Amino acid sequence: MNKHTITLTIILLTLVVGCSSDEKPIDVFLNAPKGALLINTEVGSDNFIITDLESEFSVEVRANDEKKGEFFDFVRVYASFKSNTTSGANNRDEVILEDLPRSVFYLGEFGRPRTLLNYTFQEMLDAFGLTANEVAPGDQFFIRPDMHLKDGRIIGYLNRSPSIIADFCENSPFYYQVNVINPIPNDLYTGVYNYEVIASSNIEAISQSGITTITNGAYPNQRRSSFLDFTVAGDFILPDIYQERGGLCRFGAGIVFWGPQDNSFGLLNMQDDSVFEADFTIGYDGWVGGDLSDEPITVTYRFSKQ
């Protein structure tokens with residue numbers, strides 16, 4: 001059982017509305033002779049450290065199709081910048097980082113071509129003409145790769161579905177969040193916490209309270225639990241994107257994604273981790289129960305250390 005299905009089952013009972021009768025374009029591609037995906041095989045660090053311009057984001061991806069990666073021509077990688085610390089004043093629109101031709105992919109397990117998407121903090125700053133002084137902990141970069149196929153089709157962010165994104169399905173999100181952080185001690189924001197809802201756009205549909213254990217992730221400032229995964233970044237609690245809750249892989253039936261809100265990032269005190277608040281969205285990117293018929297739910301929980 002996926003760890004995220006352990007708690008808050010009432011949410012699933014309320015939000016699971018079944019599979020849409022309309023197949024998403026990328027699902028059609030998968031079932032066609034010339035479909036393709038870019039699947040995560042190994043995710044490295046997803047944080048940039050504000051004092052280390054050589055800190056990097058990295059993820060190994062595998063090109064997957066019916067002909068062992070022969071259908072795609074190149075991968076185009078885009079990036080954007082979200083300046084949470086300036087309330088969007090220093091945001092930067094999406095730019096092209098690079099094109100990766102088929103030739104840079106190496107043969108890996110299952111006989112499928114793979115490559116490493118890795119970018120340093122300095123490289124991302126340069127892509128937007130930013131200096132380190134214009135970025136602060138709590139800001140975020142977003143990286144988006146698209147597969148350009150030999151027949152002219154483009155497969156990526158705009159034609160995904162939950163069955164493609166979820167890590168227990170295809171694990172092919174075509175989208176990555178990279179947080180800017182200042183490392184904190186491993187003992188902060190870890191331990192056993194009670195949580196209770198203090199605000200929600202649909203309070204009847206969510207669990208009112210519970211208890212969870214928060215542990216360290218694999219990289220600095222990452223925090224993991226059976227309830228919510230997030231990164232502590234400056235004055236912000238930044239939930240991971242695409243945290244899935246239950247559902248079936250076939251066309252994304254019943255998969256509900258959790259993730260960050262657009263402009264609300266929790267409340268914390270770096271001198272006292274006994275209480276903090278986390279804001280998140282149930283139905284991140286609009287994926288609520290496998291279709292878009294229901295509105296996403298915004299939630300704020302208060303966590304109290306035991």
In nm, give the distance between the simple-model label positions of residue 89 and residue 200, each being 7 Å from the Cα along the Cα-to-Cβ direction. 3.6
Express in whole angstrom the spacing between the alpha-carbon centres of the range 31-95 and the range 234-278. 20
Counting each DSSP H run of 4 or more residues in the chain as -39500 (n - 2.57), what helix-only mean residue ellipticity at 222 nm follows after dividing by all residues, to the nearest 500 deg cm²/dmol? -2000 deg cm²/dmol
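Over the range 147-306, what relative contact order in percent results from Cα pairs under 8 Å that are six or more residues apart? Write out the running numbers ahead of the final one.
On the way: 340 pairs, mean separation 34.9, N = 160.
It rounds to 22 percent for the range 147-306.
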For the range 167-293, give the percent of accessible area contributed by carbon and sulfur heavy atoms, probe 1.4 Å, rounded to a whole number. 48
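If you stretched the chain out fully between residue 154 and residue 73, how much longer would it get, using 0.36 nm times the residue separation minus the C-alpha to C-alpha distance? Could you put the intermediate results ahead of the total?
Values: separation 81, 0.36 × 81 = 29.16 nm, distance 1.01 nm.
Fully extending the segment from residue 154 to residue 73 adds 28.1 nm.
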For a test of understanding, tell me how many lysine pairs in the chain have Cα atoms under 27 Å apart, given they are 8 or more places apart or on different chains. 11
Scan the chain and report its longest stretch carrying no GluC sites (Glu not before Pro) that are both in a DSSP loop and have at most 16 other Cβ atoms within 10 Å. 71-306
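FRET efficiency for residue 123 and residue 271, Cβ-Cβ distance as r, R0 = 45 Å, nearest 0.05?
On the way: r = 34 Å, r/R0 = 0.75.
Calculated transfer efficiency: 0.85.
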For Cα pairs less than 8 Å apart in space and 6+ apart in sequence, what is the mean separation divided by the residue count of the range 35-129, i.e. the relative contact order in percent? 32
Would you give the gap between the C-alpha center of the range 201-218 and the C-alpha center of the range 123-141, rounded to a whole Å? 32
Accessible area per residue, Å², the chain with all protein chains present, probe 1.4 Å: 43
Distance in nm between residue 219 and residue 250 label points, each 7 Å along Cα→Cβ, equals 3.6
Relative contact order, percent, of the chain when contacts are C-alpha pairs under 8 Å separated by at least 6 residues? 20
To the nearest 0.05, what FRET efficiency results for residue 305 and residue 130 with a Förster distance of 41 Å applied to their C-beta separation? 0.65
For Kirkwood radius over Cα pairs in Å the list reads (1) 24.8; (2) 20.1; (3) 23.2; the calculated value is entry (2)
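The values are calculated or read from the model by the stated rules, or taken from the named source; none is laboratory data. This is a predicted model, so every value here is computed, not measured. So basically every Cβ, Gly included, is an ideal-geometry build from the backbone, and we count neighbours across all protein chains shown. Side chains included, ligands, DNA and RNA excluded: accessible areas come from the protein's heavy atoms. Shrake-Rupley method; radii C 1.70, N 1.55, O 1.52, S 1.80 Å.
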